[in-house]
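Enquirer: One structure, pasted below without further comment.
The numbers here are math on the coordinates, done by the rules we state, and not lab data. If you're wondering where the values come from, they're calculated on a predicted model, not measured in any experiment. Reconstructed Cβ throughout: ideal geometry from the backbone, glycine too, with neighbour counts over all protein chains shown.
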Amino acid sequence: MAQHAPDRQDAAPPPAPEEPAHHRPSDRFWPYADLPEQPTDEELASLDPDLRQALFEAPPLPFSMTVVFPHFDGPGCARAVELARAAPGYQETGSGPAYRHRARFWAGDMAQLRALWALVGDLPAAEVLIDDRPVPFARELWLPLAWFLIP
């Protein structure tokens, strides 16, 4: 019994695609219409230091240590915020649960840094940044080394 292969002529050609509908998108819809032209302070604070230097052609900042901590309930919160606001570089970033106090200290301000860290160091969300970067062992190694800079 021989099998008959279907001829290509016998097969019906696929239907021709319909002409696509021509439409013009609405001018009112543009997903980026509400973005500001200039970056916000929060966006600038979150920039990588190398990217900030490349974008703004600014010289690198001197050595700094930054403590970032959330608002917390307790007797030391008001004092911690007061010490953070007295830092040479202070910013408030985020909102709601992501709200953070960010206090940057230079090498000559290590006594203020130590006083602030004594209040917020036990918070699990407290971070230490070295030159605005998270580095390994910042809490365990870099902070104790910074205490040697206290006269």
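Enquirer: Give me the net charge for the shell around P62: Cβ to Cβ below 13 angstrom, other residues only, Lys and Arg +1, Asp and Glu -1.
Expert: That sum, taken over residues with Cβ under 13 Å, equals -2.
Enquirer: When Lys and Arg each count +1 and Asp and Glu each count -1, what net charge do the other residues less than 9 Å away from Y90, Cβ to Cβ, add up to?
Expert: Overall, the nearby charge balance is +2.
Enquirer: Non-local amide H neighbours of D132 (under 5 Å, H modeled in plane, Pro and chain starts lacking H): which ones?
Expert: For D132, the qualifying residues are T66.
Enquirer: If you place +1 on the Cβ of every Lys and Arg, -1 on the Cβ of every Asp and Glu, and leave all else neutral, what size is the dipole of region 63-149 about its Cα centre, to the nearest 20 Debye?
Expert: Rounded to the nearest 20 debye, it is 80 debye.
Enquirer: So for each of 136-147, 105-116 I average, over its residues, the number of other beta carbons within 10 Å; can you give me the resulting order with the highest mean first?
Expert: The packing order, highest mean first, is 105-116, 136-147.
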